[in-house]
Amino acid sequence: MMENSFGIDSKKTFKRYTRFLLPIFGLILIVFSILPILNFINDPIRQGFSDPFKRKLRQKISDENEFQEFLERYNKNYETEDEYFTHFKNFLINYSFIRYHNMLGKSWTLSINKFADLSTTDFQSQFLMNKIDIPLISNKKIATFEENPQIPVDLDWRDTGAVLPIRDQGRCFSSWAFSAASSIESLQYIATNKTASLSPQQLVDCSGSFGSEGCYGGTPSQAFSYVILNGIVKDSKYPYLSTNEDCQKKKIKKPYVKISDFNYVSPNDAESLLNAVAQQPISVMVDADPKIWQFYHSGILTEDCGTGLNHAVVIVGYNNTDATPYWIVRNSWGNWWGEEGYIRIANVAGSGICGINMLPTFPIF
Ligand SMILES: *[C@@H]1O[C@H](CO)[C@@H](O)[C@H](O)[C@H]1NC(C)=O
Ligand SMILES: *[C@@H]1O[C@H](CO)[C@@H](O)[C@H](O)[C@H]1NC(C)=O
Ligand SMILES: *[C@@H]1O[C@H](CO)[C@@H](O)[C@H](O)[C@H]1NC(C)=O
């Protein structure tokens, strides 16, 4: 075995060097990977400027960009600069309210939507009726629904074909007409396997003698009373205009469907309401408090709004298997609102969340 001293020496030197070099390389590697992170943390633009004025200005610019995006998305135009700034101000306040709500981690979320540039009073005056007076209901108009253990634990009438696509009432307090038309559509489907979109405009224009006031408001039961005597035509025959018009007598001569009667579900009785919804979708009225309804995005509404009934909707299902039992509620503000036009509302006893148990009513075929 021949080993020269040079060879042995060089191996030793190599080992000695690697002992130093490896940690140094490691250190260099670590430093280079940390540098961008440090840079990122120190980035004055990302951090916001240290000068509060500049920081504020920057926030304003990003908010105004969001506002511009919002205007584009919803095709909004304002006539004057004043109008622009009034709505921009509304948008800023509403947006910070939405962000704040979503930070609280409640069971429902809010989001920017078509209503984001409206103040509470704008929203109320364009989309919500005046609080209605609860009618006196004679006992014989109240249907009793015995507790039925046979009903399913969860039910969604949308899965059966009984519920037609979401619609948009526009700036007209016609939720009552949409609610009534929708529950008649569903009932007709359940009874006959066929249905068609029915005309809320006919109800808006023609049901005045039953107490409704067209685009100024009404109740589903007023609409039902009208349909018992006059029937209702298809939407395609009497299209929706979102304004008060004269009743077009020619268009309504041959109704597409009639109902024989309507009833109320016993008020403030969640158990009866559940059994009623198991039978068919039910028209209800709610207090559509802007703090919740204007920007509702998703989830189960568990907080009470109040009991000043100012908006009509339809319960099209329920779910008692979820940790929070809830109603599936169909709105008429277009399908960009809420969960594709729907809101889920916790099912609680008494008058219910937003008064949903207070005035349930349904058509009879
Ligand atoms: C929306 O903005 C207006 C400010 O103009 C404010 O009064 C209103 O309370 C806001 N709406 C909500 C739900 O916070
Ligand atoms: C509707 O159709 C289903 C299945 O297609 C059938 O079982 C049911 O009896 C029909 N109902 C009516 C009222 O025609
Ligand atoms: C009811 O809720 C449960 C649990 O959240 C869910 O799995 C089920 O799909 C829901 N049923 C309906 C009809 O939405």
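Helix 175-192 and the longest principal axis of the C-alpha atoms of the chain enclose an angle of approximately 80°.
Under 5 Å between amide hydrogens, built in the peptide plane, is the criterion, and for residue 365 it picks out 260 among residues at least 5 positions away or on other chains.
Using Cα-Cα distances under 8 Å and only pairs 6 or more residues apart, what relative contact order does the chain have, in percent?
18
The C-alpha atoms of the chain define a longest principal axis, and helix 270-279 lies at about 80 degrees to it.
For residue 339, neighbours were defined as the other residues whose beta-carbon sits under 13 Å from its Cβ, and their charges (Lys and Arg +1, Asp and Glu -1) total +1.
Principal-axis analysis of the Cα atoms of the chain puts helix 5-42 at an angle of about 30° to the longest axis. Is the stretch 46-105 best put as rounded, prolate or oblate by its Cα gyration tensor, with a ≥ b ≥ c the root eigenvalues, rounded for a/c under 1.5, and otherwise prolate when a/b is larger than b/c, oblate when not? Because a/c hits 1.5 or more and a/b fails to exceed b/c, the stretch 46-105 counts as oblate.
The overall shape of the stretch 305-350, judged from the alpha-carbon gyration tensor, is oblate: a/c is not under 1.5, and a/b is no greater than b/c. Under Stokes-Einstein, with the Kirkwood radius over Cα pairs as Rh, the value for the chain at 4 °C and 1.567 mPa s is 54 µm²/s.
Rank by packing, highest mean first: peptides 269-280, 166-177, 309-320, with packing defined as the count of other Cβ atoms within 10 Å averaged across residues.
On the way: 269-280: 20.2, 166-177: 22.9, 309-320: 24.9.
Descending packing order for the listed peptides: 309-320, 166-177, 269-280.
Taking the convex hull of the alpha carbon positions in the stretch 166-265 and averaging its projected area over all directions gives 6.0 nm². Within the stretch 180-265, the trypsin sites (Lys or Arg not before Pro) that combine a DSSP coil assignment with at most 16 other C-beta atoms in a 10 angstrom radius are 194, 253, 258.
Computed from the coordinates by the stated procedures, all read-outs in this text should not be read as laboratory data. Predicted model, so just to flag it, every value in this text is computed and none were measured. Heads up, the Cβs are rebuilt from the backbone with ideal geometry, glycines too, and the neighbour counts pull from every protein chain shown.
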